[in-house]
1. If you go through segment 124-144, how many residues are of a type in the set (A, V, I, L, M) and either under 23 Å from Asp193 (Cβ atoms) or near the ligand (Cβ under 10 Å from one of its atoms) (or both)?
2. Within segment 45-69, work out how many residues are surrounded by 20 or more Cβ atoms within 10 Å (Cβ to Cβ) and either more than 13 Å from the ligand (Cβ to nearest atom) or in a strand (DSSP E or B) (or both).
3. Could you look through segment 1-31, keep only residues that are in a loop (DSSP other than H, G, I, E, B) and at pLDDT 95 or above, and pick out the one that is farthest from the ligand (Cβ to nearest atom)?
4. Specify which of the listed residues (Thr72, Thr92) is within 13 Å of the ligand (Cβ to nearest atom) and buried (at least 22 other Cβ atoms within 10 Å of the Cβ).
5. Name the single residue that is nearest to the ligand (Cβ to nearest atom) among those in segment 98-114 being surrounded by 20 or more Cβ atoms within 10 Å (Cβ to Cβ) and of a type outside the set (A, V, I, L, M).
6. Count, please, the residues in segment 170-189 that happen to be assigned to a helix (DSSP H, G or I) and either more than 22 Å from Asn261 (Cβ to Cβ) or hydroxyl-bearing (Ser, Thr, Tyr) (or both).
7. What residue, among those in segment 331-342 that are surrounded by fewer than 22 Cβ atoms within 10 Å (Cβ to Cβ) and over 18 Å from the mean Cα position of the chain (by Cα), is farthest from the ligand (Cβ to nearest atom)?
Amino acid sequence: MKEHRIGIIMNGVTGRMGTNQHLLRSIAEIIRQGGVKIGAGETIIPDPVLVGRDIDKLEKLKSISGIQKITTDLDSVLNDKSYSVYFDAQVTGRRADAVRRAVDLGKHIYCEKPVATDTATALELYELCKSKGVKHGVVQDKLWLPGILKLKRLIQQGFFGKILSVRGEFGYWVFEGDSIAAQRPSWNYRKEDDGGIIVDMLCHWRYVLDNVFGKVQSVSCLGATHIPERVNENGKRYSATADDAAYATFQLENGIIAQFNSSWTVRVRRDDLLTLQVDGTKGSAVAGLRECYIQHYGNTPKPVWNPDIAQPINFLEGWAKVPEQETYDNAFKAQWELFLKHVVKGDPFPWDMLEGAKGVQLAEKGIESWQKRAWVDIPEL
Ligand SMILES: NC(=O)c1ccc[n+]([C@@H]2O[C@H](COP(=O)([O-])OP(=O)(O)OC[C@H]3O[C@@H](n4cnc5c(N)ncnc54)[C@H](O)[C@@H]3O)[C@@H](O)[C@H]2O)c1
């Protein structure tokens, strides 16, 4: 049995994403399952150290995750050769500096999106990784959601005929914090702390569109701050200076039109927190995070507009649920396993810092479109 132990510095792991998705559901789970199998009798075993500012939070994480190594001293582990990977899930604005330091010390990089707060910095990080010859990757978790994987299969099978349009509806009500506590961190609602839903969500829509439907060529985006004041983690009222909703349209290289509403100020009456409706000449599908429903040309109802009578068609009944034809792992864990194989075996890993920079670029262009009240083209990076 050959074991590849791989030292991973996990920074920002006391945060929401760091704790739940990356530590508990990915790295701790990979360790629990006995590592990542890469061949007969060969496995990769992650050897993480948890980094944060608050030792009490780290102690708590240690007890719930079973991971023994914790530190508040990032430099000490960056300078330790037994760690070859630096992972970052800190607040966005802190990422670039930490990644630069880690690359300079020869670490491979894996990090959350957005990789940086502007495209120039994101590209600089990509060039730095390339010039130092380290491996690099960016979290693009939505690509491994069962709902999206089912859509990809349908596309592979030619189910849609020619795809005409994609409609994404993302969002839910994020409580303001005055009566019921907010379920997202308050920095998300402050521009000065790199918050805002355009920056947050357009990076996701970039890789979903580019990888599943076609390359994004232009964007029209209108942002809004619907709720101007919220209450933070300490019960203090603050001005919500960042956009909390974005109404965007994208044109793709193959003529597909994609519209995405992203909002923290809507209430959900749809299948899931994210739904993607794909309409094609031969059929349509609506995917949520896990499930996907399809309607073929052959069972497309033929409605006739008549508001004077009760609707005779039950539209929801005309859709069939795609069965579980494959097994699906946690999306973050699935990508972590691929990244670890990329580091150890050199397996392909196309979701790199350049792809991360493209996400930042789309967010930046979305904001530019909003400011100019105009369509903005997306130049190739
Ligand atoms: N892939 C996804 O679906 C997804 C979803 C949500 C957030 N994110 C990204 O993950 C990152 C973290 O988001 P989150 O929601 O977990 O935020 P969070 O506020 O819960 O966590 C932020 C982390 O950064 C650390 N941090 C904050 N200020 C710091 C400072 N001054 N010095 C050192 N550390 C500091 C915190 O201690 C914490 O560990 C963001 O970049 C966000 O865009 C990704």
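1. To start, the set of residues in segment 124-144 that are of a type in the set (A, V, I, L, M) comprises 125, 128, 134, 138-139, 143.
Right, trim to either under 23 Å from Asp193 (Cβ atoms) or near the ligand (Cβ under 10 Å from one of its atoms) (or both) and you get 125, 138-139.
So the answer is 3.
2. Total meeting the criteria: 7.
3. Only one residue tops the list, namely Val13.
4. Details: Thr72 fails: buried (at least 22 other Cβ atoms within 10 Å of the Cβ).
None of the other options fit; the residue is Thr92.
5. Glu112
6. The total comes to 3.
7. Step by step, filter segment 331-342, then rank; the result is Lys341.
So that you can scan it fast, the table gives a plain yes or no per residue for (1) within 17 Å of the chain's Cα centre (by Cα); (2) within 16 Å of the ligand (Cβ to nearest atom); (3) not in a strand (DSSP E or B):
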position	(1), (2), (3)
Ser76	no, yes, yes
Lys81	no, no, yes
Tyr86	no, yes, no
Ala96	no, yes, yes
Ala116	yes, yes, yes
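The values are calculated or read from the model by the stated rules, or taken from the named source; none is laboratory data. Here the structure is a predicted model, which means the values were calculated and not measured. Quick reminder, even Gly has a Cβ in these numbers, built from the backbone with ideal geometry, and neighbours come from all protein chains shown.
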